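Novice: First the structure, which I've put down as C-alpha cells, then a few questions once you've had a look.
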Amino acid sequence: MGALLGGLYKLIRWIIELRRERQRGGEGQPFIIIPPGGDVLAVALPDPLDSPLNDRRIPYVERLPGRSVRRAMEDLLLQQRALLVCGKSGLGKTREAAHLAQTPSAEGWTVLYLPPDRWLEPPARRLEGVPDHKLLLFVDDLSRRCGSGRREVSLRADSLAQPLTLPFQERLLKTLRACFAAICGDIEEALRLLDIALQKRQTSRQWARQAPDLRALHGDPRFEQLTAS
C-alpha cells in the first residue's frame, strides 16, 4: 500500500510539474515571439485544421460604416503607447487586436504574444531573438487574467522562497519594468515614461531613485531633476 501511494504521489507531482512547465512556455519563457513580418493572426487565433472559417481566410470588414475602427485604434496606440480593447465575450477582441498588431509587425516590430494559458513572470534572462527596440507586447484575455489573477497559485509556490500567490497585475508590471526602455538603452523614452508615471502618481520619486531597472538613467540631469525631493 505504501509503495502504491508513493507511486501515485510521484505521478500526480509529475503531471502538475508538466502542466506548470507548459504554462511557463518552457525555459522560463512566457511569450511567443513573433518576428517582424510574422503572421500574428495565425499565432493568436490558431486553426490546426485550416478550416474555411479560419480567421486568416475571412477578409477584415469595418464594424461601423463610415468609420475606421482599426485606424482609430492605430492612432490611439501611437499616441498613448498602450491600448486596451474592451467588449463583451465573443465580439472578436482578440481578432481585432491581432489585426492591429499585424501593422507594426509588417513595419519591423517584434511582437511578444502572451497566450491566455501562459503563466506570466519576468523572464529569468534576456530573451533570445528579441531586439532591444521596436517591441510590441500583446496580452490576450487581459480582463479575465486581472479578475482571477489574485487567486492563481504561483507555478513556483512549492519553493519556500516564493509566495503562494502573486497577483497578475503585479507580475505584469514587473515584466513591463523588466522590458523597460532603460534596460533597452532608450534613455529618452525611459525619461518620458518615468515623467508620465510620476505626474499620474503611478510611482514615487523614492522608488525611481532606488529601482535597479533605472540605473541606466543615473547621472542624467533630467533624471536627477525628475526624482529630486
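Read-outs throughout are calculated quantities, based only on the coordinates presented, and are distinct from any laboratory measurement. Everything quoted here is computed from the prediction, not taken from an experiment. Using ideal geometry, Cβ is built from the backbone for each residue, glycine included, and neighbour counts are taken over all protein chains shown.
Novice: What distance in nm lies between label points placed 7 Å from Cα along the C-beta direction at Val69 and Asp195?
Specialist: Modelled inter-label distance: 3.5 nm.
Novice: Near the amide H of Leu137, under 5 Å away, which other amide H atoms are found, from residues 5 or more places off or on another chain, if H is placed in the peptide plane?
Specialist: Leu112
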